[in-house]
Amino acid sequence: MEMTDVYAAKKRLSSTVHHTDLQHSLTFSNISGNEIYLKPENLQKTGSFKVRGAYNKISKLSETTHLKTVVASSAGNHAQGVAYAAAERGIEAIIVMPQSTPIAKVTATQNYGATVVLHGDFYDDAYNKALEITKEKNAVFIPPFDDEDIIAGQGTVALEMLDDEPDLDAIIVPAGGGGLLAGVAFAVKHINPKIKVIGVQAERANAIVRSFEAKKRICSDNIFTIADGIAVKNPGELTVDFINKYVDEMLTVTDDEIASTIIHLIERTKMIVEPAGATSLALALSGKLKEKGKKIACLLSGGNIDVGFMNKIIEKGLVSRGRQMKFSVVLSDKPGSLSDFSKIMSKNNANIISVQYDRMSTEIHLNETILHIACEVGGFDHGKKVISNLEKNGYKVIFNENNAL
């Protein structure tokens, strides 16, 4: 692949995709100790960067081939990118998705004009079915990341970022299969090798991090993360080669850090960013970067988040930031006990969200009950004050491992 391929992709995409402007954030700059810029590809057509690679691939094929049908397998953003790109070129698109795919994503893909085939329980099942359909239809399979035309299309993100802010010191890019990171790193290093490219993955879906450290492609047996958009067991062979050659550093973030960052983005920028897309900013805010006082761009890769899952992410984010806490207290099982407890909580400005009685525990006496509490507080310091005042009033406070202050 040459830089001419990336510039050719930019030309093909010029009348189709949005140039999502790089945005400086004073709030996140103050938190991180660096000058933070956001590249909001969550505001891109189809809600993610994926349309860039898909459109470039399909458009380029159309220039030399009488393309009738394209096939793809995806449970997320690639599906919508291929569906949109095919519709724009007047080409039939068949997208195979796992049967567990949320209905909202299926509907969104269909609304872009694609035929959706639900097959299997996992992505691998959908992928194998897509290859069958490709052969049956004499169609062309559009891969999600391990393809030079896809990589070149994703690399156009870097061209826009450097047009907007040519003197960046570093760019942080999420990585799943590796197409976006490979494309951005390739373009950046050919334009300005001094700019550091940092890849980020979820801590429990870190195949590319391990591949980067081993300098060879390594796949994961098991992955588990809320960042489903980058939850990839098997990264691309081509993308890993590009990443090992052009990327400077690979780091990870936890699910708690991702969830907390999503809350930050909602509160501070009023933007909805999916967990995979929030990993770049999560890393910038985590304190794991060596850089200080540098101009750093965080690529927010997508915003397609399932509404039904949103409340779980928000709750997780609030807990990780100390805005919600869960604990248990032992009460005397007599009238007025709950009222006395509630008065202390009210006096300390803690808002009770839920209460659950537990009289069955073997750890309490017959005249006692355990009260399981979820409440809202102003942060970790406020939470510690609430607990301290409860203990001063004679309450035994019990925390489980995940909710300890």
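Just so you know, all these numbers are worked out from the coordinates, no wet-lab data involved. The shown structure was predicted, so the numbers you read here are calculated from the model rather than taken from an experiment. Don't worry about glycine lacking a Cβ; one is built from the backbone with ideal geometry, like all the others, and counts go over all protein chains shown.
For the chain, with a Gaussian network of springs between Cα atoms less than 10 Å apart, report the residue from Gly229, Gly153, Gly394 with the top mean-square fluctuation.
Taking springs between Cα atoms under 10 Å, the residue moving most is Gly394.
P(r) of segment 8-54 in 5 Å steps, Cα pairs, percent per bin?
Cα pair-distance distribution for segment 8-54, in percent: 5, 21, 21, 18, 13, 11, 9, 3.
Given the C-alpha centroids of segment 69-92 and segment 135-187, what is the distance between them in whole angstrom?
17 Å
Would you mind computing Rg(Cα) / (2.2 N^0.38 Å) for the chain, counting N as its residues?
1.12
Using amide H atoms built 1.01 Å from N in the peptide plane, name the residues 5+ places from Val96, or on other chains, whose amide H lies under 5 Å from its own.
For Val96, the qualifying residues are Ala72, Ser73, Ser74, Val117.
Would you mind ranking Thr279, Thr64, Thr20 so that the residue whose beta carbon has the fewest other beta carbons within 10 Å leads the list?
Thr64, Thr20, Thr279
State which entries of Lys290/Lys385; Lys105/Lys270; Lys215/Lys316; Lys189/Lys295; Lys39/Lys194; Lys60/Lys233 exceed 25 angstrom in Cα-Cα distance in the structure shown.
Pairs exceeding 25 Å: Lys290/Lys385; Lys215/Lys316; Lys60/Lys233.
Using a Förster radius of 56 Å, what is the FRET efficiency between Lys245 and Lys334 based on their Cβ-Cβ separation? Nearest 0.05, please.
0.20
Sort segment 69-138 into rounded, prolate or oblate with this rule: let a ≥ b ≥ c be the square roots of the eigenvalues of the Cα gyration tensor; rounded if a/c is under 1.5, and if a/c is not under 1.5, prolate when a/b is larger than b/c, oblate otherwise.
Taking the square roots of the gyration eigenvalues as a ≥ b ≥ c, segment 69-138 is oblate.
Find, among the trypsin sites (Lys or Arg not before Pro) in segment 29-75, those assigned to loop by DSSP (not H, G, I, E, B) with at most 14 other beta-carbon atoms within 10 angstrom.
Lys68
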